[in-house]
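Notes follow once the structure below has been shown.
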Amino acid sequence: MKKFLVTGALGQIGSELTMELRGRYGNENVVASGIHKRDSVVVESGPFEIVDITNYNQVSEVVKKYDIDWIVNLAAILSAVGEEKPSLAWQVNMNGLFNVLEVARENGCGVFTPSSIAAFGPNTPRDNTPQDTIQRPNTMYGVTKVSGELLCDYYYEKFGVDTRGVRFPGLISYETLPGGGTTDYAVHIYYDALQKGKFTCPLDKDTYMDMMYMPDAINAIIDLIEADGSKLKHRNAFNVTSMSFNPERIYNEIRKHIPEFTMDYDVNPNLQKIANSWPNSLDDSAAKEEWDWTPKYNLEEMTKDMLKKLKEKLNDK
Ligand code: NAD
Ligand code: SER
């Protein structure tokens with residue numbers, strides 16, 4: 001049975017991925033880690049360690065202690081926070097990734113690291129953005145994501161480390177709030193629809209971006225880790241997507257369930273600038289061809305499920 005270390009395991013993706021991995025591979029085989037410990041099912045249901053990925057020794061000690069096969073490196077600083085704190089974003093997203101790759105090289109581990117739609121930039125073709133195209137991002141987060149893709153490719157080519165990754169779009173989920181990205185509005189809108197009946201959108205109504213519901217994102221990570229490596233040509237940078245919408249479209253979808261829900265706009269120029277530099281929609285045919293990527297949720301199905309699960313969660317509090 002594979003043994004996993006998940007870094008950034010208390011974040012938006014890690015909190016759900018850890019539980020899914022534990023369900024599939026066994027609780028003891030999935031070591032969750034984070035920079036802080038807090039009360040959570042992730043901490044209580046299996047091994048948990050404090051690991052700051054900018055600290056090489058902490059990563060190395062935990063990998064050796066548990067005889068880890070795969071590091072799923074989710075520790076990162078996301079786009080909006082990254083523009084506020086570019087030096088921290090470089091420190092975590094690049095120096096931290098370097099430590100993870102070095103430890104993987106020394107201990108024979110595979111490494112999964114997500115890239116992002118942020119790895120593209122303002123002069124990338126915006127519609128049906130190809131798998132292989134111009135990547136000149138103008139955010140620190142984007143710079144670290146495209147550099148991370150290249151660094152992971154390098155570790156595969158040079159040292160044979162089994163590195164894999166996808167370019168995730170904005171992820172929508174109800175378990176854990178997002179950690180400071182540009183696509184976060186697409187999560188907050190569901191909370192506000194249920195809790196306040198109104199939402200103030202920080203992005204302009206015409207802003208299209210790719211999005212995905214968390215169950216599809218979790219499957220993407222596990223399916224790619226389990227894929228036959230000999231068939232992977234784009235190991236660290238697969239475009240993946242499930243849907244593309246603008247604020248008006250998600251608003252109208254939620255209104256089908258909550259007709260009295262209202263939305264107005266108060267555009268945040270910093271977020272808008274970041275969003276304007278990202279694609280409207282991605283071409284994910286390489287992921288479909290090379291490892292059979294098949295998302296299950298579109299906007300309609302996601303909205304139905306998200307409102308149901310979020311309502312249950314909020315009522316339980
Ligand atoms: P998140 O912000 O929710 O979680 C990141 C976690 O990393 C947090 O728990 C944070 O405490 C932790 N962290 C920060 N610095 C650390 C350090 N030095 N050492 C260890 N942990 C540290 O992020 P997420 O949404 O779960 O994203 C995980 C990965 O997926 C990131 O690489 C991100 O770029 C990528 N991604 C996410 C999305 C999305 O919409 N959520 C989209 C595209 C790509
Ligand atoms: N959701 C992420 C962000 O907005 C995309 O990488 O930062």
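Restricting the trypsin sites (Lys or Arg not before Pro) of the range 28-130 to loop positions (DSSP other than H, G, I, E, B) with no more than 10 neighbouring Cβ atoms within 10 Å leaves Arg38. Spread over its residues, the convex hull of the C-alpha atoms of the chain is 121 Å³ per residue. The eigenvalues of the Cα gyration tensor, multiplied by 5 and square-rooted, give the range 271-316 an equivalent ellipsoid with semi-axes of 28, 20, 8 Å from largest to smallest. Remark: the range 172-317 carries a charge dipole of roughly 360 debye about the Cα centre, counting +1 on each Lys and Arg Cβ and -1 on each Asp and Glu Cβ.
Note: relative contact order over the range 1-130, using C-alpha pairs below 8 Å and six or more positions apart, is 25 percent. In the chain, Cα pairs under 8 Å separated by at least six residues give a relative contact order of 18 percent. When only alpha carbons of the range 52-112 are considered, Rg and Dmax amount to 12.1, 37 Å. Sequence-ordered 3J(HN,Hα) estimates for the range 247-258 from the Karplus curve with 6.51, -1.76 and 1.60 and θ = phi - 60° stand at x, 4, 6, 5, 4, 5, 5, 5, 5, 4, 9, 10 Hz, glycine and proline given as x. Note on Glu28 and Lys2: their simple-model spin labels are 2.0 nm apart, each label 7 Å out from Cα toward Cβ. Look at the dipole of the chain built from charges on Cβ: of Val267, Phe159, Asn99, the Cα furthest out on the positive end belongs to Val267.
Based on alpha-carbon atoms, the Kirkwood radius and the radius of gyration of the range 182-317 give Rg/Rh equal to 1.02. Identify, among Asn315, Asn276, Trp293, the residue whose Cα sits farthest towards the positive end of the charge dipole of the range 273-317, taking +1 on the Cβ of Lys and Arg and -1 on the Cβ of Asp and Glu, with the dipole about the Cα centre. Of the options given, the answer is Asn315. Based on DSSP, what percent of beta bridges with both residues in the chain are antiparallel, to the nearest 5? Within the chain, antiparallel bridges account for around 10 percent of the total.
With coordinates expressed along the principal axes, the C-alpha atoms belonging to the range 64-208 extend over 52, 38, 28 Å, beginning with the largest. The value obtained for the range 1-142, namely the Cα convex hull volume divided by the number of residues, is 126 Å³ per residue. Annotation for the range 64-132 versus the range 273-300: alpha-carbon center distance of 18 Å.
With Cα atoms as the point set, the radius of gyration and Dmax of the range 155-218 evaluate to 16.1, 54 Å. Relative to the dominant Cα principal axis of the chain, helix 14-25 is inclined by about 60°. Binning the C-alpha pair distances of the range 134-181 at 10 Å intervals from 0 yields a P(r) profile of 21, 40, 30, 9 %, listed from the shortest bin outward.
If only the Cβ of Lys and Arg carry +1 and only the Cβ of Asp and Glu carry -1, the dipole of the chain around its Cα centre is close to 280 debye. Here's how it looks for Phe199: its modeled amide H is under 5 Å from those of Thr262, Met263, Asp264, which are all 5 or more places away or on a different chain. Taken about its Cα centre, the range 115-233 carries a charge dipole of about 300 debye when Lys and Arg each add +1 at the Cβ and Asp and Glu each add -1 at the Cβ. Highest mean packing comes first when the peptides 12-24, 221-233, 48-60 are listed by Cβ atoms within 10 Å, giving 12-24, 48-60, 221-233. Label point of Lys231 set 7 angstrom out along Cα-Cβ; within the range 264-287, amide nitrogens under 15 Å from it belong to 285-287. Amide H contacts for Asp210 (H built 1.01 Å from N in the peptide plane; partners 5 or more residues away or on another chain; cut-off under 5 Å): Gly170.
We did not get these values from a lab; they are worked out from the coordinates using the rules stated. Bear in mind the structure is a predicted one, so any value in this text is a computation, not a measurement. Quick reminder, even Gly has a Cβ in these numbers, built from the backbone with ideal geometry, and neighbours come from all protein chains shown.
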